[in-house]
Amino acid sequence: MSPIDIKVATRPVGNWTVIDVEGEVDVFTAPKLREAIITILEQGKDRLIVNLAGVAFMDSTGLGVLVGGLKRVKERNGELAIVGAQGTVLRVVNVTGLNAVFSLQDSVEAAASG
């Protein structure tokens with residue numbers, strides 16, 4: 001059985017930096033997402049959109065990375081939005097109550113215009 005990998009790419013959209021995530025976000029792959037968030041913040045960018053449209057599965061480790069990312073962003077008076085969460089990923093976000101903590105948007109465009 002081969003390990004599940006994760007693809008994390010960043011791109012600018014207006015005043016925002018989008019983090020496009022593909023694959024499964026779990027205990028093995030979540031550090032890659034954490035590194036991307038920290039790197040962007042260290043570059044002085046504090047308006048992040050995490051695009052989860054390509055994510056089919058996320059465990060508590062992935063949620064922890066998002067919460068930690070939000071905390072780091074808020075310390076800089078920035079913003080972090082989540083877009084594209086669907087299926088089990090959206091269900092986990094809703095069940096844990098994190099839908100009340102994060103700005104959840106349907107698309108990158110909707111989040112970037114906010």
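The values are calculated or read from the model by the stated rules, or taken from the named source; none is laboratory data. The shown structure was predicted, so the numbers you read here are calculated from the model rather than taken from an experiment. Here Cβ is always computed from backbone atoms with ideal geometry, including for glycine, and neighbour counts include all displayed protein chains. Ligands, DNA and RNA are excluded from the accessible area calculation, which covers all protein heavy atoms including side chains. Shrake-Rupley method; radii C 1.70, N 1.55, O 1.52, S 1.80 Å.
Rounding to the nearest 20 debye, state how big the charge dipole of the chain is about its Cα centre with +1 on each Lys and Arg Cβ and -1 on each Asp and Glu Cβ.
With only Lys, Arg, Asp and Glu charged at Cβ, the dipole is about 280 debye.
Do you know the relative contact order of the chain, to the nearest whole percent, from alpha carbon pairs under 8 angstrom that are 6+ apart?
25
So, with a 1.4 angstrom probe, what is the percent of accessible area on the chain that is carbon and sulfur?
Reported share for carbon and sulfur atoms: 52 percent.
Please state, rounded to one decimal and in Å, the Kirkwood hydrodynamic radius that the chain gives when every pair of distinct Cα atoms enters the mean of 1/r.
For the chain, the Kirkwood estimate is 13.8 Å.
Taking H placed 1.01 Å from N in the peptide plane, check which residues at least 5 places from GLY78 or on another chain put their amide H under 5 Å from its amide H.
It is none; the list stays empty.
Helix-derived [θ] at 222 nm for the chain: sum -39500 (n - 2.57) over DSSP H runs of at least 4, divide by residue count, nearest 500?
Calculated from helices alone, the mean residue ellipticity at 222 nm is -11500 deg cm²/dmol.
Under the rule of at least 5 residues apart or a separate chain, name every residue whose amide H is placed under 5 Å from the amide H of ILE49.
Under 5 Å from the amide H of ILE49: THR17, VAL18, ILE19, ALA81.
Over the chain, give the accessible area per residue in Å² for a 1.4 Å probe, as an integer.
Result: 54 Å² of accessible area for each residue.
Considering the range 65-113, what Rg and Dmax in Å follow from its alpha-carbon atoms?
When restricted to Cα atoms, the range 65-113 yields Rg and Dmax of 11.0, 31 Å.
Using θ = phi - 60° and the Karplus relation 6.51 cos²θ - 1.76 cosθ + 1.60, list the HN-Hα couplings for the range 100-109 in order, rounded to whole Hz, with x at every Gly or Pro.
Along the range 100-109, the couplings run 7, 9, 9, 7, 9, 10, 6, 9, 4, 4 Hz.
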